[in-house]
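Shown next, in structure tokens, is the structure this report addresses.
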Amino acid sequence: MSKGQICLSICGKTAEDILQKIERHGGAADLVEIRFDCMSAVERTRIISLLKSIEKPIIATFRSSDQGGRSDLSLNERSRFWKEIKGVDYCDIEEDIAKATILPGKKIVSYHSFRDTPEDIEAIYKRLRTFDPDVIKIAITVDEITDTIPLWKLIETAQNDGVDIIAVAMGDGGKATRILSPSRGALLTFGSPTADDTTAFGQVTVEDLKELYRVDKLDRDTKVFGVIGDPISSSRSPYMHNPVFASLKMNAVFISLLVKDLKGFFAKMVRDKTREVELNFGGFSVTMPHKLEIIPLLDEMDVSANRVGAVNTVEFRDGKLVGHNTDAYGFITPLKSIYNDLKGSRVVVAGAGGAARACVYALKNEGAEVAIAVRDPKKAQAFADEFDVKIISLEGPPERSYADIAVNATPLGMIGGSGNISPFKRDHLNGVKLVYDLVTRSDDTPTISLAKELEIPSIGGIEMLLAQGARQIEIWTGKKAPLKLMRNSLERYAARSL
Ligand code: NAP
């Protein structure tokens, strides 16, 4: 098996189910893993008799539920399975039977930690080597991106030892390992048939691995761009930026990076003097909650970032990290395509975080009359003073003639955010002529639904996402962004995820 391959991991209840998934999704994969622990003994026998019809190399896995499998299996049942099965290329087995069992294919000895990140991964690797494996597989659960550092080091060690390794970090924080580990020398990465048919937490679909992330084309020279934030699972920036890199024929990839401890991330994975691993980062998009906290960690700020006081884009320029803000431009561009002149328009912006700063800055620049609507007016006082705007409490009764335009710049309504509601109540939108929700979702957010109910025209977060993303591409690549391609790609993704 050569390096850098994609393996379709399948859990199916029947033989037909398995064959159908291979037929539908196998095209993007180099090999398939069949999870024999997902089916009954009868179906197992049926699929074993049909293995010859599968053209791709097969990894067989048969794990008990206490080892992360889907069936309760005794040691005897597992040992018997490996005696009976034929026609597979790789056998993924656990340590407890790795010594004694004679296998019909190459031996993958695997270790899984489904709850946490083990202390000493190197020791586990050394122990697994004593079972004389053809391949070592280590899959751990991580809480954020910096927890993956031992895995990157391990891939390096295995390469130096001439050992084939599969290294997976499960969870949103481990997505980078699923996309980049083959480019660092891991034997393969597992992908799922669809986003909701996964065999492990954080798995990416095989189609996305192949077409969106171009896993088979990535190498050590690939520039890695990413969006850093928490939560990050609903970010659609990878769908917007990866097709651009492909169309510009750049050796670059864009991934989600779940970062909780921003300082730790910069020290351990970004800054060249202190980092423990080098992933060849080329730039970042920054999302909540890091847009303000990132400022002291950067070397320079451009004018937009300085004026807004928040950073949503980091450029790596001549060894320096430069902060930009493309949110202000991204916010105002779709609004100006409707309201050519915003001078004197009354706009209420819900929220006082990084995005709200960009909205208020851009609106004031256009001469709009701006108020912020917040849950804690005391906390927002400094913001209001800085931008010279009025504060309205979201908790109190809405004022008469509230505004012409209402903007949601809170995470309310965001998938994985702080609540599936709108910050605005019906009365807040009395007399409002346009509702603008920054939250990006494939379906209507609660704020957009409320606007529709009240027959108020609205703008969704995708419009801002596109405009600010186009500016990011220009900063990172110096080239004009192909906006149409970005929109089409986002729409394709939205249609798929509905
Ligand atoms: P942030 O810096 O964390 O700020 C969030 C703001 O929302 C804070 O003022 C917070 O108030 C307020 N908030 C949170 N929960 C609330 C609640 N339950 N009720 C009332 N207010 C609440 O986040 P951000 O970076 O500004 O992002 C805000 C939203 O905009 C996110 O959904 C983000 O995805 C979206 N956004 C979209 C785009 C785009 O391109 N479409 C660009 C940027 C941002 P406290 O201070 O009281 O916590």
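The values are calculated or read from the model by the stated rules, or taken from the named source; none is laboratory data. Only a predicted model underlies this, so the values are computations on that prediction, with no experimental measurement involved. Here the Cβ positions follow ideal geometry from the backbone for every residue, glycine too, while neighbour counts run over all protein chains shown.
Scanning the stretch 320-359 for residues that are within 11 Å of the ligand (Cβ to nearest atom) and in contact with a strand residue (DSSP E or B) (Cβ under 6 Å, 6 or more places away or on another chain) yields THR326, PRO334, VAL349, ALA350, ALA352, ALA356, CYS359. The condition (being among the polar types (S, T, N, Q), touching a Phe, Trp or Tyr at 6+ places or on another chain (Cβ under 7 Å), without any contact (Cβ under 8 Å) to a residue 40 or more places away in the chain and at negative phi) is satisfied by just one residue among THR45, THR101: THR101.
What residue, among those in the stretch 447-467 that are outside any helix (DSSP H, G or I) and away from the ligand (no atom under 12 Å from the Cβ), is surrounded by the fewest Cβ atoms within 10 Å (Cβ to Cβ)?
To start, the set of residues in the stretch 447-467 that are outside any helix (DSSP H, G or I) comprises 454-460.
Subset that is away from the ligand (no atom under 12 Å from the Cβ): 454-458.
On the way: LEU454: 13, GLU455: 6, ILE456: 17, PRO457: 12, SER458: 18.
Checking each candidate, the answer is GLU455.
The residues listed here are ILE392, ILE372, ILE338; of these, the one that is closer than 17 Å to LEU438 by Cβ and at pLDDT below 95 is ILE338. Filtered by the rule that a residue be assigned to a helix (DSSP H, G or I), more than 8 Å from the ligand (Cβ to nearest atom) and buried (at least 20 other Cβ atoms within 10 Å of the Cβ), the stretch 468-486 gives ALA470, ARG471, GLN472, ILE473, TRP476, MET486.
When SER234, SER304 are checked against the criterion of being in contact with a strand residue (DSSP E or B) (Cβ under 8 Å, 6 or more places away or on another chain) and within 16 Å of the ligand (Cβ to nearest atom), SER304 stands alone in meeting it.
Could you list, in sequence order, all residues of the stretch 423-434 that are touching a Lys or Arg at 6+ places or on another chain (Cβ under 9 Å) and within 16 Å of the ligand (Cβ to nearest atom)? I'd like the intermediate steps shown before the answer.
Step one: of the stretch 423-434, the residues touching a Lys or Arg at 6+ places or on another chain (Cβ under 9 Å) are 423, 430-431.
Hit for the stretch 423-434 is PRO423, nothing else.
Across the stretch 366-383, the number of residues qualifying as over 31 Å from the mean Cα position of the chain (by Cα) and either under 12 Å from VAL347 (Cβ atoms) or buried (at least 19 other Cβ atoms within 10 Å of the Cβ) (or both) comes to 6. Residues in the stretch 1-47 that are out of contact with any strand residue (DSSP E or B) (no Cβ under 9 Å at 6 or more places or on another chain) and of a type in the set (Val, Ile, Thr): THR14, VAL42, THR45. Taking (1) assigned to a loop (DSSP other than H, G, I, E, B); (2) within 34 Å of the chain's Cα centre (by Cα); (3) more than 24 Å from ARG24 (Cα to Cα); (4) not charged (D, E, K, R) in turn, LEU103 satisfies each apart from (2).
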